[in-house]
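Here's the structure we're looking at; comments come further down.
The values are calculated or read from the model by the stated rules, or taken from the named source; none is laboratory data. Just so it is clear, the structure is predicted and the values come from calculations on it, not from any experiment. All Cβ positions, glycine included, derive from the backbone under ideal geometry; neighbour counts span all protein chains shown.
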Amino acid sequence: MAKGLRLVALVGVLLLLPRASAAGSLRERLLASSPGLNPRVLSLALKAYDHARELGQTASSIVTLIDYSIPSTEKRLWVVDLHRGRLLFNDLVAHGKYSGDNMAEAFSNRPGSQQSSLGAFVTGDTYVGKHGLSLRLKGLEPGINDRAEDREIVVHGAPYVSDAVARALGRLGRSQGCPAVRPEIAPRLIQTIKDGTFLFAYYPDPQLQRTSAYLN
């Protein structure tokens, strides 16, 4: 009987090994193909994604990651396909007017703050507004970003997001809190991440990492 139990336990361990190996391999492939992506930030995004998936908040393999600890003049948005282990986008993204100058430093969930929000989101549907094709975001974290819809925080294209603007101003133009992207990629990016994909906005904020259910 003891021998049989040991065999069952060994089989269980062996069944787990490919999963762990596959997860490690996926992470390494994503880091190798995603220039500038911080390994710790990727790990946090994947942890938050796993939590959202466990809660049934997303079933997509598409994950968008924004690292607001990087200057706005650098590419700090990544979109990856976890199923294929592929980088789909790596591009510029703006932050809110009152979040900071070239570096974002302040974040809010408050309407009228014109600051970016952090944490875990899922994407919603699209609409055509004053910025053209735009994508609604639903904040998943109470007190951190759950007022995103009321604040009309959406993904959209904006002419103030470009390499030319970055060179002229030493920073990108700033939004009213939306993660605005280059108009040239906005339609394609929005079509890729719409309808229930996961988005994680990072900054090394102690309160976020202490209180977020998606990181603990």
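A search for C-beta distances below 8 Å between a residue of the range 64-90 that is over 13 Å from Leu189 (Cα atoms) and any residue that is at pLDDT below 95 and part of a strand (DSSP E or B), counting only pairs 6+ apart in sequence or on different chains, returns nothing.
Confirm whether Glu28 is more than 21 Å from Phe121 (Cα to Cα) and of a type in the set (Asp, Glu). Judged against the criteria, Glu28 is a match.
What about Glu105, is it under 12 Å from Ser72 (Cβ atoms), surrounded by fewer than 18 Cβ atoms within 10 Å (Cβ to Cβ) and of a type outside the set (A, V, I, L, M, F, W, C)?
Numbers: under 12 Å from Ser72 (Cβ atoms): yes; surrounded by fewer than 18 Cβ atoms within 10 Å (Cβ to Cβ): yes; of a type outside the set (A, V, I, L, M, F, W, C): yes.
The answer is yes for Glu105.
Here Ser175, Ser116, Ser108, Ser134 are screened, and the one residue that is under 21 Å from Leu37 (Cα atoms), in contact with a strand residue (DSSP E or B) (Cβ under 9 Å, 6 or more places away or on another chain) and either among the polar types (S, T, N, Q) or free of Cβ contacts under 8 Å to residues at least 12 places away in the same chain (or both) is Ser116.
Considering only the range 165-216, state which residues are among the small types (Gly, Ala, Ser) and within 19 Å of Pro71 (Cα to Cα). Steps first, answer last, please.
Pass one, the range 165-216, residues among the small types (Gly, Ala, Ser): 166, 168, 170, 173, 175, 177, 180, 186, 196, 201, 212-213.
Answer for the range 165-216, where residues must be among the small types (Gly, Ala, Ser) and within 19 Å of Pro71 (Cα to Cα): Ala166, Ala168, Gly170, Gly173, Ser175, Gly177, Ala180, Ala201.
Only one of the listed residues (Val80, Val93) is crowded, with 22+ Cβ neighbours inside 10 Å and closer than 17 Å to Ala158 by Cα. That residue is Val93. For the range 36-48, the set of residues classified as part of a helix (DSSP H, G or I), touching a Phe, Trp or Tyr at 6+ places or on another chain (Cβ under 6 Å) and closer than 16 Å to Arg86 by Cα consists of Ala45 only.
Residues that are within 24 Å of Asn102 (Cα to Cα) and either of a type in the set (Phe, Trp, Tyr) or not in a loop (DSSP other than H, G, I, E, B) (or both) within the range 136-145 comprise just one, Leu137.
Can you name the residue in the range 151-161 that is in a strand (DSSP E or B) and among the β-branched types (Val, Ile, Thr) and, of all such residues, is surrounded by the fewest Cβ atoms within 10 Å (Cβ to Cβ)? Working first, answer last.
Initially, the range 151-161 is screened for residues in a strand (DSSP E or B), giving 154-157.
Adding the requirement that they be among the β-branched types (Val, Ile, Thr) leaves 154-155.
On the way: Val154: 23, Val155: 26.
Within the range 151-161, the match that is surrounded by the fewest Cβ atoms within 10 Å (Cβ to Cβ) is Val154.
The conditions of being among the aliphatic types (A, V, I, L, M), in a strand (DSSP E or B) and within 15 Å of the chain's Cα centre (by Cα) are not met by Ala148. Every condition in (1) assigned to a loop (DSSP other than H, G, I, E, B); (2) within 18 Å of the chain's Cα centre (by Cα); (3) modelled with pLDDT of 95 or more holds for Asn216 except the one numbered (3).
Is at least one residue of the range 162-171 at pLDDT 95 or above and buried (at least 22 other Cβ atoms within 10 Å of the Cβ)?
Step one: filter the range 162-171 for residues at pLDDT 95 or above, giving 162-171.
From what is left, the residues that are buried (at least 22 other Cβ atoms within 10 Å of the Cβ) are none.
No, because not a single residue in the range 162-171 is at pLDDT 95 or above and buried (at least 22 other Cβ atoms within 10 Å of the Cβ).
Regarding Gly132, is this residue modelled with pLDDT of 95 or more and either surrounded by fewer than 17 Cβ atoms within 10 Å (Cβ to Cβ) or β-branched (Val, Ile, Thr) (or both)? So Gly132 fits the description; yes.
Mind checking whether some residue in the range 115-126 is farther than 17 Å from Thr58 by Cα, of a type in the set (A, V, I, L, M, F, W, C) and in a loop (DSSP other than H, G, I, E, B)? Among the residues of the range 115-126, at least one is farther than 17 Å from Thr58 by Cα, of a type in the set (A, V, I, L, M, F, W, C) and in a loop (DSSP other than H, G, I, E, B), which makes the answer yes.
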